[in-house]
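Where a number appears in this text, it was derived from the coordinates with a stated rule and is not lab data. This one's a predicted model, so the numbers in the text were calculated from it and none came from an experiment. Don't worry about glycine lacking a Cβ; one is built from the backbone with ideal geometry, like all the others, and counts go over all protein chains shown.
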Amino acid sequence: MIGTYVAALVVCVASLAIGQAAMALCGVRRWSWLAPAIGLALLCVACWGTVRLAGDGVLSAVVVLALTVASVVYLWGRLEGGGEALRAGGPVALLALAAASLPFIAEGHFGILGTSFNPDMSQHLLATDRLAHGEGSQLLHQGYPLGPHAVVVALNMGLGIGLVQGFAGLTVAIAVLAPLTALTAFRDQPALLRIPAALVVGLTYLVASYFAQGAFKETTQALFVLAFVLTLRESSRNPEWRQLQLRYIPAAVLMAGSAYTYSFPGLIWPIAAAAIWATTEFAIRRIPSSAASVTGPAVVRPVLYASLMFAVLIAPEIGRMIDFHQFETFDPNGPGLGNLFGQISPFEALGIWPSGDFRLTPGAGAVPALGYYLGAAFASILLVYGLVLCWLRRETALLAGFAAAALAYAAARAGGTPYTAAKALEIGAPLAALVIVLPLLRRPVAWLYLLAAGGCSLLALANAPIGPTSYSPALTGLRADVGVGPTLVLASKQLLEDEQGTPYIAWELRGGRVCIASQEEVGDRPPPGVRFVVVRGDSKQPPFSGFRLDRIASPYVLWKRTAPVQGASPCPLIAVRQARQGPPR
């Protein structure tokens, strides 16, 4: 628990300080709630740029500390509106933290998010562990984006926070930073309205559902896309921003963060949104003087500055982005369902979907199908109404962001897989919620939407699995004892079949030959060639004849064969086992 919350706090504080300092360098003097997303993007860039240098991640931790301290020093005495911002953001941050803690409270323990949804975290843990020790990995060689992983390495090397706790803390931090970012759109609203509005937009149903399965990349990308659209909105509607030559630099930083988190597909949303926004602004502002504010000479230099910044930040990653295009996720004939049961409904992106598992079809859970259809119809009507009001109010950035998200989903649905289409829906979901909430916030109908959508998000969070329940990282303590093995780990059928515990056990004993099975599968005799047996519990009776007690690492007991090992072992090397699990999609 302590490691998770310390990691979340460090990520939040560093993101807020670094992001606000970056905006101040661009000329923004007043506090902006775009700062956390911009700061997190810079953290991904800085940590990935230094994690492979000397020190195996220590330098990344030093760089994060130095940037944070330098940011606080620079902002001291220069920042305006800090107290007002803290009063506005404090309740949102605390409520978001409480919501993000709901899975751990419901399960009664801390651990790995989403283990019964998919085993992908085992691959992320393995890649991050090797990154922390200067070693290569399958994901590294395939060009997989590892910016967030580098942030976890910095937490691990700088504060000694375990990798499991580091990823959990990063995921919780993202859940806190997203509603804070959404506050940008609601800063002129009274507290009674802006707090629930920011929470529903930042933690809308699909975002909460992906948080529930430990999908930190998708939730981070959704945060960056939301922040990018709000940055475009500020650059055209905020009088302070419109006078700045560097007003598009924050958008360039967010694009770089998307690339280091989601590789080249992450650029689809910001590029499409920027293109649609600029085209729309030019089309509706036909008076030359006003058109120049977006597309004329006054905007040429700011765009060039932003383009140069983006090019500098992204240059080291271009080669890896090219390698990543061959990743198996992009193959329409590959594992298209992933952990899904089929295509998920696009209505889930509208926020009202009363199910603890976003993968289920209407009526498959406790709520009758009629409840899903009524919620989807209500949200759809509000979406159309919100789009009309946004157009009348010339909310061109919001409309452009929503259009880009809709096009990305349509492309993924037509030419991709159900797995990629679902991710596209999740990334665009905060924008759909924002289009509904922002223009309708002062109308009574908005409260009904906020209550329904907020309830659905809480339902998804409360049903998030944390586990595996019968798994403990104490298994790592036995690595030095078993060496290369071969080792048999006896686990419950529930852990192996229902909670997908096999890859996590394998990760804890990485580096040796390991067989993982239940007692029922093995029977009375272990596989040939096994030297060690690991069981969970406090029994002092050996699981098989010919073994003696070697060590207790609660809750595990290690048994060692008394006679010399005979024959070759069928237990695979962990690297082989991990490869068979397949890379995360």
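Remarks
- For the chain, the residue among LEU509, ALA568, VAL172 whose Cα projects farthest onto the positive side of the dipole built from Cβ charges is VAL172.
- Largest-first ellipsoid semi-axes for the range 473-581, taking √(5λ) over the Cα gyration tensor eigenvalues, angstrom: 19, 16, 14
- The listed peptides 153-166, 198-211, ordered by packing as a protection proxy, come out as 198-211, 153-166 (highest mean of other Cβ atoms within 10 Å first).
- Each part reduced to its alpha carbon centroid, the range 349-383 and the range 67-90 end up 41 Å apart.
- For ILE112, residues with placed amide H under 5 Å, excluding near neighbours: GLY467
- The label-point distance for ARG30 and ALA66, in a model that sets each label 7 Å from Cα toward Cβ, rounds to 3.5 nm.
- MET121, MET321, MET1 arranged by Cβ crowding within 10 Å, fewest neighbours leading: MET1, MET321, MET121
- For the chain, calculated [θ]222 nm from helices alone, where every DSSP H run of n ≥ 4 adds -39500 (n - 2.57): -19500 deg cm²/dmol
- Farthest toward positive dipole pole in the chain [+1 Lys/Arg, -1 Asp/Glu at C-beta], among VAL522, LEU230, PRO145: LEU230
- With neighbour counts taken as other beta-carbon atoms within 10 Å, the residues CYS47, CYS12 rank, fewest first, as CYS12, CYS47.
- Backbone HN-Hα couplings from phi across the range 43-49 [Karplus 6.51/-1.76/1.60, Hz, Gly and Pro as x]: 4, 4, 5, 5, 5, 5, x
- For the chain, Kirkwood radius (reciprocal of mean inverse C-alpha pair distance, Å): 24.9
- Long-range amide H partners of ARG513 with built H, under 5 Å: GLY485, THR487
- The peptide list 139-152, 390-403, put in order of mean Cβ contacts within 10 Å with the highest first, becomes 139-152, 390-403.
- Cβ-Cβ FRET estimate between TYR373 and GLN343, R0 fixed at 22 Å, reported to 0.05: 0.85
- Couplings for the range 514-526, taken from phi via the Karplus curve 6.51 cos²θ - 1.76 cosθ + 1.60 with θ = phi - 60°, read 9, 9, 10, 7, 8, 4, 5, 5, 7, x, 8, 10, x Hz in order; Gly and Pro are left as x.
- Which of VAL533, VAL63, VAL229, VAL176 has the fewest Cβ neighbours within 10 Å, and the rest in rising order: VAL63, VAL533, VAL176, VAL229
- Neighbourhood net charge (15 Å Cβ-Cβ; Lys/Arg +1, Asp/Glu -1) for ALA175: -1
- Cβ-isolated cysteines (cut-off 4.7 Å), the chain: CYS12, CYS26, CYS44, CYS47, CYS390, CYS456
- Proximal charge balance of VAL484 [Cβ under 13 Å; K/R count +1, D/E count -1]: +3
- Shape of the range 22-105, Cα gyration tensor, a/c cut at 1.5: oblate
- In order through the range 358-375: 3J(HN,Hα) via Karplus (6.51 cos²θ - 1.76 cosθ + 1.60), integer Hz, x for Gly, Pro: 5, 7, 7, 7, x, x, 6, x, 6, 8, x, 4, 4, x, 5, 5, 5, x
- Stokes-Einstein diffusion coefficient of the range 126-216, Kirkwood radius over Cα pairs, 37 °C, 0.692 mPa s, in µm²/s: 220
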